[in-house]
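Student: Following this message is one structure expressed as structure tokens.
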Amino acid sequence: MEQEKSGAKTEVGRWDEAVGQISAEYAYLYPPGIPLIVPGERISEEAIRLLLEYRSIGFEIEGLKRQEQIEVLSKIDCENN
């Protein structure tokens with residue numbers, strides 16, 4: 001699914017498909033509210049591993065519009081900038 005956010009095209013995909021892409025939204029743990037991924041950051045394997053690990057032990061993953069998916073900048077848009 002492709003969207004446009006403040007002039008930049010974005011797409012939504014599964015966490016495991018987002019490694020190496022640029023995040024367009026926050027992903028943080030609640031409690032305590034510590035961000036693991038912030039907009040503009042390249043998503044690392046470690047960040048995804050931590051999201052999965054924390055979720056499996058009962059933490060809530062907040063900030064994402066969809067469960068187990070994250071909005072990222074379109075690959076085409078990233079290549080053009």
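The values are calculated or read from the model by the stated rules, or taken from the named source; none is laboratory data. In this text the structure is predicted, and so the values were computed from the model without any measurement. Here Cβ is always computed from backbone atoms with ideal geometry, including for glycine, and neighbour counts include all displayed protein chains. The protein model used for the area step is the full one, side chains on, heavy atoms only, and it has no ligands, DNA or RNA in it. Shrake-Rupley method; radii C 1.70, N 1.55, O 1.52, S 1.80 Å.
Student: Please enumerate the residues belonging to the stretch 28-48 that are in contact with a helix residue (DSSP H, G or I) (Cβ under 6 Å, 6 or more places away or on another chain), modelled with pLDDT of 95 or more and more than 13 Å from Asp16 (Cα to Cα). Don't jump to the end; show me each part of the working.
Tutor: Looking only at the stretch 28-48, we keep the residues that are in contact with a helix residue (DSSP H, G or I) (Cβ under 6 Å, 6 or more places away or on another chain), and these are 29, 36-37, 48.
Imposing the further condition that a residue be modelled with pLDDT of 95 or more reduces the set to 37, 48.
The one that is in contact with a helix residue (DSSP H, G or I) (Cβ under 6 Å, 6 or more places away or on another chain), modelled with pLDDT of 95 or more and more than 13 Å from Asp16 (Cα to Cα): Ile37.
Student: Consider only pairs whose beta carbons are under 6 Å apart and that are at least six residues apart or on different chains; among these, list those whose first residue lies in the stretch 12-26 and is under 14 Å from Gly40 (Cβ atoms) and whose second residue is open to solvent by 20 Å² or more (accessible area, probe 1.4 Å) and part of a strand (DSSP E or B).
Tutor: Cβ pairs passing all conditions: Ile22/Arg42; Ile22/Leu73; Ala24/Lys5; Ala24/Leu73; Tyr26/Pro35.
Student: Moving on. Could you grab me the full set of residues in the stretch 59-71 that are open to solvent by less than 60 Å² (accessible area, probe 1.4 Å) and more than 11 Å from Ala18 (Cα to Cα)?
Tutor: Ile61, Gly63, Leu64
Student: Tell me, yes or no, whether the stretch 49-62 has at least one residue that is within 24 Å of Lys9 (Cβ to Cβ) and modelled with pLDDT of 95 or more.
Tutor: No, the stretch 49-62 contains no residue that is within 24 Å of Lys9 (Cβ to Cβ) and modelled with pLDDT of 95 or more.
Student: Would you pick out the residues in the stretch 1-17 that are modelled with pLDDT under 90 and either touching an Asp or Glu at 6+ places or on another chain (Cβ under 6 Å) or open to solvent by 60 Å² or more (accessible area, probe 1.4 Å) (or both)?
Tutor: We begin by selecting, within the stretch 1-17, every residue modelled with pLDDT under 90; these are 1-8.
Answer for the stretch 1-17, where residues must be modelled with pLDDT under 90 and either touching an Asp or Glu at 6+ places or on another chain (Cβ under 6 Å) or open to solvent by 60 Å² or more (accessible area, probe 1.4 Å) (or both): Met1, Glu2, Glu4, Lys5, Ser6, Gly7, Ala8.
Student: Here's a follow-up. Looking at the stretch 18-40 only, could you name the residues that are outside any strand (DSSP E or B) and surrounded by fewer than 14 Cβ atoms within 10 Å (Cβ to Cβ)?
Tutor: Initially, the stretch 18-40 is screened for residues outside any strand (DSSP E or B), giving 18-21, 24-26, 31-33, 38-40.
Scanning the stretch 18-40 gives Gly20, Pro31, Pro32, Gly33, Val38, Gly40.
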